[in-house]
1. Going by what's in this entry, would B:ILE50 be described as more than 11 Å from chain A (Cβ to nearest Cβ) and in contact with a Ser or Thr (Cβ under 7 Å, 6 or more places away or on another chain)?
2. Against the conditions (1) facing another protein chain (nearest Cβ under 10 Å); (2) closer than 25 Å to B:CYS94 by Cβ, where does B:ASP134 fall short? Just the number, please.
3. B:VAL169 passes all but one of (1) at the interface with chain A (Cβ under 9 Å from one of its Cβ atoms); (2) surrounded by 19 or more Cβ atoms within 10 Å (Cβ to Cβ); (3) in a strand (DSSP E or B); which number fails?
4. Please work out if B:VAL34 is assigned to a loop (DSSP other than H, G, I, E, B), away from chain A (no Cβ under 13 Å) and β-branched (Val, Ile, Thr).
5. Does at least one position in region A:206-227 carry a residue that is more than 7 Å from every other protein chain (Cβ to nearest Cβ), over 22 Å from the mean Cα position of the chain (by Cα) and closer than 23 Å to B:ALA47 by Cβ?
6. Go through region A:1-31 and report how many residues are surrounded by fewer than 17 Cβ atoms within 10 Å (Cβ to Cβ) and in contact with a His (Cβ under 6 Å, 6 or more places away or on another chain).
7. In region B:179-220, which residues are assigned to a loop (DSSP other than H, G, I, E, B) and over 30 Å from B:GLY144 (Cα atoms)?
8. Tell me which residues, restricted to region A:233-250, are in a strand (DSSP E or B), at the interface with chain B (Cβ under 7 Å from one of its Cβ atoms) and not β-branched (Val, Ile, Thr).
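A short reminder: the numbers here are calculations on the coordinates, not readings from a lab. Keep in mind the model is a prediction, meaning the values are calculated, not measured. Every residue, glycine as well, gets a Cβ built from its backbone with ideal geometry; the counts of neighbours run over all protein chains shown.
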Number of protein chains: 2
Amino acid sequence: MKKPLILVTNDDGIAAPGLRALVDVAKQLGDVVVIAPDSPQSAMGHAITISGPIRLNKVNVFEGLEAYECSGTPVDSVKLGKYVVLKNRRPDLCVSGINHGSNASINIIYSGTVSAAMEASIEGINSIAFSLLDFSWEADFESGKVFIKQIMQTVLENGLPEGCKLLNVNIPKLKEHEIKGIKVCRQAEAFWAEEFMEATDPRGVPYYWMTGEFVLRDEGEDTDIKALEAGYISVVPSKHNLTVNTAIEPLKILEQATPILIDK
Amino acid sequence: MKKPLILVTNDDGIAAPGLRALVDVAKQLGDVVVIAPDSPQSAMGHAITISGPIRLNKVNVFEGLEAYECSGTPVDSVKLGKYVVLKNRRPDLCVSGINHGSNASINIIYSGTVSAAMEASIEGINSIAFSLLDFSWEADFESGKVFIKQIMQTVLENGLPEGCKLLNVNIPKLKEHEIKGIKVCRQAEAFWAEEFMEATDPRGVPYYWMTGEFVLRDEGEDTDIKALEAGYISVVPSKHNLTVNTAIEPLKILEQATPILIDK
């Protein structure tokens with residue numbers, strides 16, 4: 001039987017320990033091609049490079065595996081992976097991560113890890129973003145591996161439900177035996193209340209540095225945040241179509257209104 | 001009566017003609033504060049700057065209006081606008097644009113213009129992204145102004161429907177009298193089939209430059225693409241919650257599965 005082709009990417013860069021952990025699992029399930037940014041690209045969201053060139057280098061950092069680094073964003077990596085590296089080889093699955101840090105709840109919007117997976121899903125490829133709730137470079141990526149393998153294998157064997165090509169998976173910072181299991185859930189409503197550190201640089205010019213506090217505005221028991229707090233791995237089926245279908249009818253008042261004259 | 005406070009931003013930068021056109025309309029409806037990137041930031045998606053400093057300068061480019069430029073992304077601009085510039089002044093509306101170029105259909109995902117408006121909507125502020133289907137710097141932003149004013153005024157007076165804090169508005173490249181009106185619609189399914197231009201730089205090192213072709217995969221009559229093709233302004237109620245609710249139940253098979261052992 002032909003092994004599935006798995007495209008592996010991330011946003012923490014080609015040398016990140018989380019990427020290595022994900023490659024370890026992926027190569028047990030299929031043929032693996034890796035393409036990742038050549039430098040950390042956290043919080044890049046769905047940014048792409050359109051006004052400048054992108055570099056692509058073949059690298060030998062995963063023994064026996066075809067791997068590339070690219071100078072662009074996580075989404076650039078996936079686009080280069082699909083259209084330049086793989087060309088006519090269509091991946092059966094794209095996995096992104098393991099991200100160093102949470103991409104649960106509203107973090108999905110800022111995340112380069114999820115955006116990379118989403119880019120493949122826009123192309124119709126089943127995709128999974130994996131993140132571990134530990135920001136440190138030396139985070140323990142071993143504990144979640146059996147669950148990651150289970151999720152990848154299930155998606156490879158069964159596909160994904162109608163209207164969904166993307167899973168956002170977050171793994172609690174726990175030992176393997178402490179992880180309670182997997183919960184399929186919805187994205188919790190939340191936002192980041194920012195506090196900008198204000199300081200001055202060595203030349204006396206002021207600058208701001210973003211920092212913030214996660215504010216949960218969701219009491220639901222069926223959210224990713226609740227699942228993670230309870231010791232479960234959260235799986236949120238996700239999409240790139242942002243339409244609020246229920247708001248279309250009430251907004252039709254806009255279609256009836258008369259254009260308002262502009263004061264010249 | 002107290003005038004509404006309107007935060008105006010964009011992704012093409014503080015000097016873009018599209019921003020000036022949007023400011024022209026906004027100041028007829030309320031008190032305006034402008035904060036925008038100090039350089040063009042197209043296709044930055046929801047990127048934020050977390051690993052470095054951001055600069056903020058007060059500028060005098062809109063006569064009589066409080067305005068700032070920031071060295072970060074469009075989303076950084078809105079965050080700085082809310083937490084540093086406005087602080088305790090809560091905007092009644094955030095508008096972003098007018099973008100030079102379409103943000104209809106899947107472009108919403110890559111757009112810095114929409115992401116800036118979305119950032120305000122995540123904070124619970126009613127927000128509207130405006131884009132004109134003309135990439136050129138000298139695009140005609142006059143034709144759409146009466147419709148932009150109408151949409152902004154309607155949202156200021158009536159708010160937005162439950163579950164929606166963000167409108168993605170696209171304006172066809174037509175004269176005012178040629179615009180047929182406004183259609184409230186859904187985001188069309190599409191993707192960009194990329195073709196990377198491959199070339200070598202002056203030192204002989206190869207590079208890639210992204211270019212692509214928009215591929216519509218949606219036959220629906222109720223989409224933004226169809227509305228624009230028919231000469232209407234498209235309004236898509238949009239959100240930041242990406243969950244595919246209908247996929248949660250079928251995916252519960254993941255919760256029952258047994259973890260798969262990892263080959264060490």
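1. Here the answer is no, as B:ILE50 does not meet what is asked.
2. Every condition holds for B:ASP134 apart from (1).
3. Tallying (1) at the interface with chain A (Cβ under 9 Å from one of its Cβ atoms); (2) surrounded by 19 or more Cβ atoms within 10 Å (Cβ to Cβ); (3) in a strand (DSSP E or B), B:VAL169 fails exactly one: (1).
4. no
5. Yes: region A:206-227 contains one or more residues that are more than 7 Å from every other protein chain (Cβ to nearest Cβ), over 22 Å from the mean Cα position of the chain (by Cα) and closer than 23 Å to B:ALA47 by Cβ.
6. 0
7. Within region B:179-220, B:ASP201, B:PRO202, B:ARG203, B:GLY204, B:VAL205 meet the criteria.
8. Matches in region A:233-250: A:PRO237, A:SER238.
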